[in-house]
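Colleague: I am attaching a structure below and will ask some questions about it afterwards.
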Amino acid sequence: CSRAQALTFLWRAKGMPQASGTTFADVPANAYYAQAVAWGVENGIVKGMDETHFEPETVCTRAQALTFLWRANGMPQPKTTTNPFVDVDASAYYYDAVLWAVEQGITTGLNATTFGPDVTVTRGQVATFLYRAASAAKPSTFNPFTDVKTTAYNYNAILWAYDNRITTGTSDTT
């Protein structure tokens, strides 16, 4: 998943609030993600890679996606300081975001002791983070996607994201 995709999913989940626009050279005003980027920057959810570049097609990591979500939710402090992950250092920018997300049941990590902060986040994982953060009910839609099986961990999350127009898929059937 790219930075633009992850931020757009979050922006749509938050109701697509309007923003004034962005001055990043690599974010055209007519890009599907332009309003999401502007909203994210204006609300302190995300920064550019430098003053003039957002790098929308750069991959988004699991740590970045959860940090976007955590910031969009007001940066709540986790109630616990117990860190179950050997790969999440207390000095990392995403430390509180990860602890908060685990505490809220938004993520469980790749396994019991590994979070994978630098692993590229998938579209399905972003949908799952948002679904769990919203404490959403199980969707009642049919599944239009041939690549999303009923046994997949993110099945309900993807259908919820589809129902709520957070994603339309990469095609009509995928």
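The values are calculated or read from the model by the stated rules, or taken from the named source; none is laboratory data. On a predicted model such as this, the values are computed, not experimentally measured, just so you know. Note that we place each Cβ from the backbone using ideal geometry, even for glycine, and neighbour counts take in every protein chain shown. Accessible surface areas use protein heavy atoms only, side chains included; no ligands, DNA or RNA. Shrake-Rupley method; radii C 1.70, N 1.55, O 1.52, S 1.80 Å.
Colleague: State, to one decimal in nm, how far the label point of T173 lies from the label point of T151, with both points 7 Å from Cα in the Cβ direction.
Modeller: Spacing of the two 7 Å Cα→Cβ label points: 2.2 nm.
Colleague: Taking 0.36 nm per intervening residue step and subtracting the Cα-Cα distance, what contour gain separates K79 from D118 on full extension?
Modeller: Contour length minus the Cα-Cα distance gives 11.6 nm.
Colleague: Using +1 on the beta carbon of Lys and Arg, -1 on that of Asp and Glu, and nothing else charged, what's the dipole of the chain about the Cα centre, debye to 20?
Modeller: 620 debye
Colleague: Given H placed on each backbone N at 1.01 Å, which residues far from T61 in sequence or on other chains put an amide H within less than 5 Å of it?
Modeller: When sequence neighbours closer than 5 places are left aside, the close amide H contacts are V121.
Colleague: Please work out the average accessible area per residue across the chain, using the 1.4 Å probe convention, and give it in Å².
Modeller: 51 Å²
Colleague: Please report Rg (one decimal) and Dmax (integer) in Å for the Cα set of region 101-174.
Modeller: 12.7, 37
Colleague: A follow-up question, please. For the chain, what log10 I(q)/I(0) values come out of the Debye formula at q = 0.10, 0.18, 0.20 1/Å, with one point per alpha carbon and no solvent?
Modeller: Reported log10 I(q)/I(0), two decimals: -0.38, -1.20, -1.39.
Colleague: In the chain, carbon and sulfur make up what percent of the accessible area (probe 1.4 Å)?
Modeller: 52 percent
Colleague: Where the centroid of each part is defined by its Cα atoms, how far is region 88-160 from region 54-86 in Å?
Modeller: Going from one Cα centre to the other spans 12 Å.
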